[in-house]
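The values are calculated or read from the model by the stated rules, or taken from the named source; none is laboratory data. Quick caveat: nothing in here was measured; it's all calculated off a predicted structure. Please note: Cβ atoms are built from the backbone with ideal geometry, for glycine as well, and neighbour counts cover all protein chains shown.
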Amino acid sequence: MRNAMAIRRILTAEELILRERTKKVSTFDASLHRLFDDMLETMRDAPGVGLAANQIGVPLQVAVTEIDGTVTELVNPQIVKGSGEQLDWEGCLSIPGYVAEVGRHAKVTVKARDRRGKEFRVKGEELFARALQHEIDHLNGHLYIDLLDSLEELVRVSDASDEVGEEMAAGI
Ligand code: NI
C-alpha cells in the first residue's frame with residue numbers, strides 16, 4: 001500500500017511557530033518518512049529549493065533541499081564547519097515575492113541523520129551552502145530577514161529578476 005503525498009500549506013513570516021526552536025527527532029518511523037514525502041511534494045509545488053518542517057507547521061528538526069537535481073534530507077542538522085564568505089540574493093518560501101542580498105559562509109560542513117537515523121556529513125558550497133545555512137536557521141527560529149540591517153533591503157523579486165537566479169527567485 002502506498003500513502004499519497006500531500007501538499008501542505010507553507011506558513012508565512014508573521015506566524016509565530018516560525019520563530020520557535022524546533023525539537024530534536026528521536027524516532028525514525030513511518031510518520032517521519034511521511035513528513036519528508038510531504039515536504040518534498042510541497043517544496044516542489046511551491047516551487048522552491050529548500051524547506052524546513054516548521055514552515056509547514058511541524059516543529060521538528062527536519063529539512064530538505066533539492067539543488068541541481070540532488071535531494072538532501074536532513075534530520076537534526078548542525079553546522080560543524082563554515083568557511084569563507086558569499087554575498088548573493090536570497091529568498092524564502094515564507095516571505096513570498098521578496099529577496100535580499102545576504103552574506104553567508106561560502107562553504108559549510110553539516111552533520112545530520114537521514115530518515116532512517118543513520119548519521120552522515122555533507123559538504124556544500126555556493127547555493128547548496130546557502131540553502132543549508134538558511135534551513136538550519138529556520139530550525140532555530142531564524143529568518144534571513146534577521147540578518148539584514150533594515151527591512152528596506154528587501155527587494156521585490158520582479159524588480160530584481162535580472163540579477164536573481166531562477167532557483168533563488170523560487171525561495172528556500
Ligand atoms: Ni526559508
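Among the residues of segment 43-57, are any more than 23 Å from residue 97 (Cβ to Cβ), modelled with pLDDT of 95 or more and basic (Lys, Arg)? So far as segment 43-57 goes, no, none of its residues is more than 23 Å from residue 97 (Cβ to Cβ), modelled with pLDDT of 95 or more and basic (Lys, Arg).
With the structure loaded, tell me whether residue 104 is touching a strand residue (DSSP E or B) at 6+ places or on another chain (Cβ under 6 Å) and touching a residue at least 40 places away in the same chain (Cβ under 8 Å) or whether it fails that test. Break it down into steps so the answer makes sense when it comes.
Numbers: touching a strand residue (DSSP E or B) at 6+ places or on another chain (Cβ under 6 Å): yes; touching a residue at least 40 places away in the same chain (Cβ under 8 Å): no.
Criteria not met by residue 104.
Filter segment 131-151 down to the residues that are part of a helix (DSSP H, G or I), within 12 Å of residue 94 (Cβ to Cβ) and not hydroxyl-bearing (Ser, Thr, Tyr), then identify the one that is farthest from the ligand (Cβ to nearest atom). Filtering segment 131-151 for residues that are part of a helix (DSSP H, G or I), within 12 Å of residue 94 (Cβ to Cβ) and not hydroxyl-bearing (Ser, Thr, Tyr), the one farthest from the ligand (Cβ to nearest atom) comes out as 145. Can you tell me which residue within segment 1-50, out of those that are within 16 Å of the ligand (Cβ to nearest atom) and of a type in the set (Asp, Glu), is nearest to residue 66 (Cα to Cα)? Looking at residues that are within 16 Å of the ligand (Cβ to nearest atom) and of a type in the set (Asp, Glu), I get 45. Counting only residues that are in contact (Cβ under 8 Å) with a residue 40 or more places away in the chain and outside any strand (DSSP E or B), which one in segment 69-94 is farthest from residue 171 (Cα to Cα)? So, considering only residues that are in contact (Cβ under 8 Å) with a residue 40 or more places away in the chain and outside any strand (DSSP E or B), the one farthest from residue 171 (Cα to Cα) is 94.
The sole residue among 36, 28 that is assigned to a loop (DSSP other than H, G, I, E, B), within 22 Å of residue 118 (Cβ to Cβ) and touching a Lys or Arg at 6+ places or on another chain (Cβ under 7 Å) is 28.
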